[in-house]
Amino acid sequence: MMATTVREIRRAQRSDGPAAMLSIGTANPANCVSQEEFPDYYFRVTNKEHLTDLKDTFKKLCRIAGLEKRFFHHTEQVLNSHPGLLQGTSSALDSRLDVVAKAAPELAASAAAKAIARWGRPATDITHLIVSTNSEARSPGADLGLATLLGLRPDVCRTVLQLNGCSAGCAALRLAKDHAENNRGARVLVVCVELTITTFRAPHEGDSFGTLIPQALFGDGAGAVIVGADAVQPAERPLFEIVSASQAVIPGSEKQLNVRLGEVGIDIDISFNLPKFVAQNLERCLLDASGALALNGVEFKWNDLFWALHPGSRGILDRVESALGLEPKKLAASRTVVKDYGNMLSATVIFVLEELRRRMDEEGDEVAEWGMMVGFGPGFTVETMVLHATKY
């Protein structure tokens, strides 16, 4: 009879330390459109310039969103070559998915290649791949295309998250934490890739301030993070340790944010009152999630932490900053990202992490040791992570 028990086998399978983000990479399409020019562009390419009152409403919405520019894979040429996208015909979904099928793996590979280069190890050392996207609903999808482009080994364990909204970036990293800590030697590549061609549509007479929010906010981008948990190799440089991860759903909030797939594409419904709702309910989620800090004997106030907050819009950032009493610099990374890129759904929080780390390297010891990463999604769902800056 073998003396080894299942418990001993399980112990040997697990990593010794906490999961850590080892490298970050981001990428955007080449097509950049300024927010100031976007209303004229939007109504012109959709042949809706006769809706002058609605165009004025949209201009106001674009001004208050807090964006300066966004990046899109779909150019005017792409839109004109797929007329169903603008006409809202039943063939539009196939056209959108055909564009995404080619473009999503390429954009994802661009971000992932940067993360792998900064990591310092070959792509074949990746053991797990997690791909998150709100842009497609096919299998095999961007995960297999990405694995092929990167030359990942055939036995890489693939997981795909689809239509999980903006919180999917945090959810993917939460899943990566579990993979890394429960599989000794695992190196998990998380890639979030978003192309808004699946949500792009023409304005129509029945539109309002609220229904046009997605057209004024969302942009294209991809973010990649490599996560590992055990003793790092000489080439590896951990950035953030993932201390804990949690998810909470606000009861009775189902109508605040919805993402659904229809015959003409993906429709995103965002309540105009969402910024106020987030501010009213976020702190109790944060108090529950921050228990990991208390367990480690860390005494803190919200301003004692660094923040990687998903910047759904400038309105959400303003409301959260006021509700938590945060100093303006605490959400500076989030404000920079939403200003320069817009809301890239699941990929956005990875851009915030990259900007936050850049600021940490510049500011030195002035940056907090402990922090919170927060994402929002349909449900209404709040994803929260407690992070530790490894420079300490």
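The values are calculated or read from the model by the stated rules, or taken from the named source; none is laboratory data. Bear in mind that the values here come from a model prediction, so they are computed numbers and not experimental data. Ideal geometry is used to build each Cβ from the backbone, glycine not excepted, and the neighbour counts take in all protein chains shown.
A few comments on the model shown:
- Gly375 being assigned to a loop (DSSP other than H, G, I, E, B) and either among the small types (Gly, Ala, Ser) or surrounded by fewer than 21 Cβ atoms within 10 Å (Cβ to Cβ) (or both): no
- Qualifying residue in the range 330-339 (condition: buried (at least 24 other Cβ atoms within 10 Å of the Cβ), of a type in the set (Ser, Thr, Tyr) and assigned to a helix (DSSP H, G or I)): yes
- Some residue of the range 356-369 being touching a strand residue (DSSP E or B) at 6+ places or on another chain (Cβ under 6 Å) and closer than 29 Å to Phe38 by Cβ: yes
- In the range 180-206, the residues that are under 19 Å from the mean Cα position of the chain (by Cα) and assigned to a helix (DSSP H, G or I): Thr196, Ile197, Thr198
- Condition check for Phe209: in contact (Cβ under 8 Å) with a residue 40 or more places away in the chain, crowded, with 19+ Cβ neighbours inside 10 Å and more than 21 Å from Arg121 (Cα to Cα): no
- Applying the set (1) outside any helix (DSSP H, G or I); (2) modelled with pLDDT under 95; (3) under 23 Å from Leu22 (Cβ atoms) to Pro311 leaves exactly one unmet item: (3).
- Qualifying residue in the range 114-127 (condition: of a type in the set (Lys, Arg) and touching a helix residue (DSSP H, G or I) at 6+ places or on another chain (Cβ under 6 Å)): no
- Sub-9 Å Cβ pairs linking a first residue in the range 142-169 that is in contact (Cβ under 8 Å) with a residue 40 or more places away in the chain and under 24 Å from Gly219 (Cα atoms) to a second residue that is assigned to a helix (DSSP H, G or I) and charged (D, E, K, R), at least 6 apart or interchain, are Gly145/Lys102; Gly145/Glu106; Leu146/Glu106; Leu149/Glu106, ordered by first then second residue.
- Cβ-Cβ distances below 6 Å connect the following pairs, each with a first residue in the range 276-289 that is within 17 Å of His310 (Cβ to Cβ) and assigned by TED's automatic domain parsing to the domain that holds Ile250, a second residue that is surrounded by 14 or more Cβ atoms within 10 Å (Cβ to Cβ) and hydroxyl-bearing (Ser, Thr, Tyr), and a separation of six or more residues or different chains: Ala289/Ser246; Ala289/Thr384.
- Selection within the range 1-32 - touching a helix residue (DSSP H, G or I) at 6+ places or on another chain (Cβ under 6 Å) and under 30 Å from Arg70 (Cα atoms): Leu22, Ser23, Ile24, Gly25, Thr26, Ala27
- Test: residue in the range 103-124 that is more than 30 Å from Leu239 (Cα to Cα) and touching a Leu at 6+ places or on another chain (Cβ under 6 Å): no
- Helices (runs of 4 or more DSSP H) lying entirely in the range 1-94 (those with 2 or more residues that are among the polar types (S, T, N, Q)): 52-64, 76-81
- Every residue from the range 38-69 that is among the aromatic types (Phe, Trp, Tyr) and touching a Leu at 6+ places or on another chain (Cβ under 8 Å): Phe43, Phe58
- Sole residue being buried (at least 23 other Cβ atoms within 10 Å of the Cβ), small (Gly, Ala, Ser), closer than 20 Å to Ser271 by Cβ and at pLDDT 90 or above, chosen from Ala216, Ala176, Ala172: Ala216
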